[in-house]
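> Encoded as structure tokens, here's the structure I'll be asking about.
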Amino acid sequence: MTQPAVLITRAIFPHVLEQLSQHFDVESNQEDVIWSREELVRRLQGKAGAFMTGTERVDAELLAKCPGLKLCANMTVGYNNFDLGAMSAAGVLATNAPDVLTETTADFGFALLMATARRITESEHYLRAGKWTRWSYNMFAGAEVHGSTLGIVGMGRIGQAVAKRAALGFGMQVIYHNRSRLDAATEAAVQARYVGKEELLKTADHVMLVLPYSASSHHTIGAAELALMKPTATLINIARGGIVDDAALAEALREGRIAAAGLDVFEGEPSVNPALLTVPNVVLTPHIASSTIGTRKAMAALAVSNLIGFLVHGKPVTPLNPEVLSPRGA
Ligand code: 8YV
């Protein structure tokens, strides 16, 4: 019996290739070439499944050209690369990789908050440049983290993991804004208080963005929102590029309208708005919030489980559009 064919769109741990090869006819991309959309479509011909990394756009146009495709498995929790409506209409299952990266990503959110508030990269650059010649009473004086108010926008799994660190570890007051309010027991467990977006922006000493990207969250933070924030506040984005208007942020940072920002994600990444590269009060990292070897292996393992689970056994682990699983009209 011939095995179903699977495409792995980017370079991945070699053991992932071995695992998938036990069940599928695998085409991989260990040279890590960034394929054009036409190339991706070409390579998807005859494939039943795709192991994806969250950056490949899957929409009606692509699906129409790939009639054999049954499953696209992201190794990421975010799935804004998927048009779920189009995938369901085409009968193609989408899966993502939730939970396994929650704590690691929350750790990174905190690292970025600390680095930004305490001006760690800015002061390191100063030291490396040989400019540190004497002590000074206010040298790189930053913002307090412990005991301050953290405003979290987006209170899903990662937001809640950040809230716990803030409340229990750093004695912070945690306020949050989300599409829907958490139930009372969860609010009590993470020690966070629900507020409106405007109150959050006006009150928080540090604002952390942890919400998914969609058309409705595009530019959640733009010039108007930045204007509401305290001039001493910091803004941390570990969510997605496009949630912040990067040009407006660069201007606010340059003019000192907020104190600092820490960004792991960017509009149009891996390109970064050049204006952000020239302001000193921003910490910039290349979308690495989930990047520990253990977590990246766990993310890849979940994508593998979804591919084998669905294409071999008919049971995916983390389906995003489970309506595809029920027979039409059932
Ligand atoms: C990924 C992420 O590494 O899981 C997500 O949604 O943002 C990261 O963990 C990233 O999306 C890779 O493109």
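> Of 106, 115, which residue is within 16 Å of the ligand (Cβ to nearest atom), assigned to a helix (DSSP H, G or I) and of a type in the set (A, V, I, L, M, F, W, C)?
Just one listed residue meets the conditions, 106.
> Listed residues 288, 308; which is assigned to a loop (DSSP other than H, G, I, E, B) and either over 23 Å from residue 86 (Cβ atoms) or touching a residue at least 60 places away in the same chain (Cβ under 8 Å) (or both)?
288
> Being over 23 Å from residue 242 (Cβ atoms) and either aliphatic (A, V, I, L, M) or not assigned by TED's automatic domain parsing to the domain that holds residue 39 (or both) narrows it down to one residue among 62, 84, 112, 93; which is it? Break it down into steps so the answer makes sense when it comes.
Working: 62 fails: over 23 Å from residue 242 (Cβ atoms); 84 fails: over 23 Å from residue 242 (Cβ atoms); 112 fails: over 23 Å from residue 242 (Cβ atoms).
None of the others qualify; the one that does is 93.
> Let me ask another. Could you tell me which numbered condition residue 3 fails, if it satisfies all but one of (1) touching a His at 6+ places or on another chain (Cβ under 8 Å); (2) within 13 Å of residue 304 (Cβ to Cβ); (3) not charged (D, E, K, R)?
It is condition (2) that residue 3 fails.
> Tell me yes or no: at least one residue of the range 311-318 is outside any helix (DSSP H, G or I), touching a residue at least 40 places away in the same chain (Cβ under 8 Å) and of a type in the set (S, T, N, Q).
Yes, the conditions are met somewhere in the range 311-318.
> When you go through 272, 207, 279 one by one, which is the residue that is assigned by TED's automatic domain parsing to the domain that holds residue 142, more than 16 Å from the ligand (Cβ to nearest atom) and either of a type in the set (Phe, Trp, Tyr) or assigned to a loop (DSSP other than H, G, I, E, B) (or both)?
The conditions single out 279.
> Residues 321, 237, 281: which one is in contact with a Leu (Cβ under 9 Å, 6 or more places away or on another chain) and either β-branched (Val, Ile, Thr) or more than 25 Å from residue 115 (Cβ to Cβ) (or both)?
Checking each option against the conditions leaves just 321.
> If you take the residues in the range 282-291 that are crowded, with 16+ Cβ neighbours inside 10 Å and within 13 Å of the ligand (Cβ to nearest atom), which one is farthest from residue 237 (Cα to Cα)?
Of everything passing the filter in the range 282-291, 291 is farthest from residue 237 (Cα to Cα).
> Moving on to the next point. Can you name the residue in the range 292-304 that is closer than 23 Å to residue 262 by Cβ and either of a type in the set (Phe, Trp, Tyr) or in contact with an Asp or Glu (Cβ under 9 Å, 6 or more places away or on another chain) (or both) and is also farthest from the ligand (Cβ to nearest atom) among such residues?
292
> For residues in the range 61-86 being farther than 30 Å from residue 291 by Cβ and outside any helix (DSSP H, G or I), which is farthest from the ligand (Cβ to nearest atom)?
67
> Same structure, new question: Name the residues in the range 254-269 that are closer than 24 Å to residue 105 by Cβ and either within 15 Å of the ligand (Cβ to nearest atom) or free of Cβ contacts under 8 Å to residues at least 40 places away in the same chain (or both), would you?
258, 263, 264, 265, 266, 267, 268, 269
The values are calculated or read from the model by the stated rules, or taken from the named source; none is laboratory data. The structure presented is a predicted model; accordingly, all values stated were derived computationally and were not measured. Here Cβ is always computed from backbone atoms with ideal geometry, including for glycine, and neighbour counts include all displayed protein chains.
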